[in-house]
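To start, the structure under review is shown below, and the notes come after it.
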Amino acid sequence: MIPTLIFVLAFAVSGVQDTPNDLFDPVYQVYDYVKGYFYQPERIDDQQALYGAMKGIVEQLDDPYSEFFEPSEKTAFDESLNGEFSGVGIEITLEEGVLTVITPLVGSPAEAAGMLVGDKIVAIDGESTEGNSLTESALKIRGEIGSPVVLTVVHEDGTREDITIVRETIVIEAVRYEAMDEGAIAYIRLLRFESDTTSELDRALGTFDLENISGLILDLRNNAGGLMSEAINVVNRFVDDGVVLITQDRLSGQKKYYARGNQIRNFPVAILINRGTASASEIAAGGIRDHNMGILIGEQSFGKGVYQQLIDFPDGSALKITAGEYFTPNGTVVHGVGLPADIVVDEDQDPIDVAIEWIHSQVGELMPIDITASVAEIQDTP
């Protein structure tokens, strides 16, 4: 199958290693033996045999973000990128082979049912998830609207719980916004980095009096990522110049992405992050923070610092492969680490209240500022 479409997600091709020409000859031999000897030849599906071999090649990478999609799986993946699909509304990954919740989506049935960041999903409708790929588990969790699914989870405190969730149509709004503090502070929440996120952000910014507001709260909590290009565009709205992202892959080596020039006033920006802040949202948060154009408030982010390349094949199948790693403008490693919050918010505190307090402490200031000094100042205030 010849690939027909390639695009990059933050969610480029590798250098070739020496491979014996006859390496895969045994695979053809096994196929021939199956075709020639299996006692029920009607059960042999050539297409599924091919897909199975392809999946095996990818699965041996032991990388939760690399997958081979059959056509039906690719369709489901596309639906999730388009912001509307049937399901329960959770972002999942594999951590050490265990299906793990990155975040329940805001306003989703999963959030309402009590699913938490870090929950381990050990069974779906009573069937173990052990050995399942991400896509296999995702397809089992999805289903007909109005039908229930039972997820057996182990919470981080060790308690085990069966959570029944009724599937709904999940619609993900990329951007929400409102005025706060009697109009003095703009609040914008980015829920996903989709193809129209930047344009929606611009529309949201246009509803505020940017020349007179005291500051902006950019809420990236429980934002599991999306398109790298959109994350870079978002950083460009707040950074005047310089590097906004560094990537490293086998084909291109190190590549740097630069700001194109900020067009808005550099008012104080408070960026809210939590453990559900991952991937493209970490690119945005890290790119703004490294230029001292915004402060990070909340808790350590998730730590997905690798990006994938998607290769589509004519029959509708596709390969999603981890192609490289990204770093913040200062060269900080994100993958497996996450971004630390400048101001850590306790469980009994509202991060939005903390952000408003910080913006009040910076009234009249324009970014960039010394973030460390500003944190010390607000912490020293009685």
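The values are calculated or read from the model by the stated rules, or taken from the named source; none is laboratory data. On a predicted model such as this, the values are computed, not experimentally measured, just so you know. Using ideal geometry, Cβ is built from the backbone for each residue, glycine included, and neighbour counts are taken over all protein chains shown. Note: areas computed on protein heavy atoms with side chains; ligands, DNA, RNA excluded. Shrake-Rupley method; radii C 1.70, N 1.55, O 1.52, S 1.80 Å.
Quick notes on this one:
- Flag if Thr207 is among the polar types (S, T, N, Q) and assigned to a loop (DSSP other than H, G, I, E, B): yes
- Some residue of the stretch 246-263 being surrounded by fewer than 14 Cβ atoms within 10 Å (Cβ to Cβ) and closer than 19 Å to Glu84 by Cα: no
- Residue within the stretch 239-247 that is hydroxyl-bearing (Ser, Thr, Tyr), assigned to a strand (DSSP E or B) and farther than 21 Å from Pro368 by Cβ present: yes
- Test for Leu205: is it open to solvent by less than 80 Å² (accessible area, probe 1.4 Å) and under 24 Å from Arg275 (Cβ atoms): no
- For Arg189, the stated conditions do not hold, so it cannot be described as open to solvent by 20 Å² or more (accessible area, probe 1.4 Å), basic (Lys, Arg) and in a helix (DSSP H, G or I).
- Members of the stretch 52-93 that are under 14 Å from Ala224 (Cα atoms), open to solvent by 10 Å² or more (accessible area, probe 1.4 Å) and not in a loop (DSSP other than H, G, I, E, B): Ser80, Leu81, Ile90, Glu91, Ile92
- Residues that are of a type in the set (Val, Ile, Thr) and open to solvent by 80 Å² or more (accessible area, probe 1.4 Å), drawn from the stretch 354-376: Val363, Thr372
- Residues within the stretch 91-106 that are over 17 Å from the mean Cα position of the chain (by Cα) and not acidic (Asp, Glu), tallied: 2
- Which listed residue, of Ala278, Ala284, Ala270, Ala323, is under 21 Å from Thr197 (Cα atoms), in contact with a Ser or Thr (Cβ under 8 Å, 6 or more places away or on another chain) and either open to solvent by 10 Å² or more (accessible area, probe 1.4 Å) or hydrophobic (A, V, I, L, M, F, W, C) (or both): Ala278
- Pro351, sole failed condition from (1) open to solvent by less than 60 Å² (accessible area, probe 1.4 Å); (2) under 26 Å from Leu245 (Cα atoms); (3) modelled with pLDDT of 95 or more: (2)
- Among the residues making up the stretch 322-339, a single one is in contact with a helix residue (DSSP H, G or I) (Cβ under 8 Å, 6 or more places away or on another chain) and part of a strand (DSSP E or B): Tyr326.
- Each residue in the stretch 33-51 was checked for being of a type in the set (Lys, Arg) and either surrounded by 12 or more Cβ atoms within 10 Å (Cβ to Cβ) or in contact with a helix residue (DSSP H, G or I) (Cβ under 8 Å, 6 or more places away or on another chain) (or both), and 1 of them qualify.
- Considering the stretch 358-370, the residues that are in contact with a helix residue (DSSP H, G or I) (Cβ under 7 Å, 6 or more places away or on another chain) and not in a loop (DSSP other than H, G, I, E, B) include one that is farthest from Gly287 (Cα to Cα), namely Ser361.
- Some residue of the stretch 256-268 being farther than 20 Å from Ile352 by Cβ and in contact with a Lys or Arg (Cβ under 7 Å, 6 or more places away or on another chain): yes
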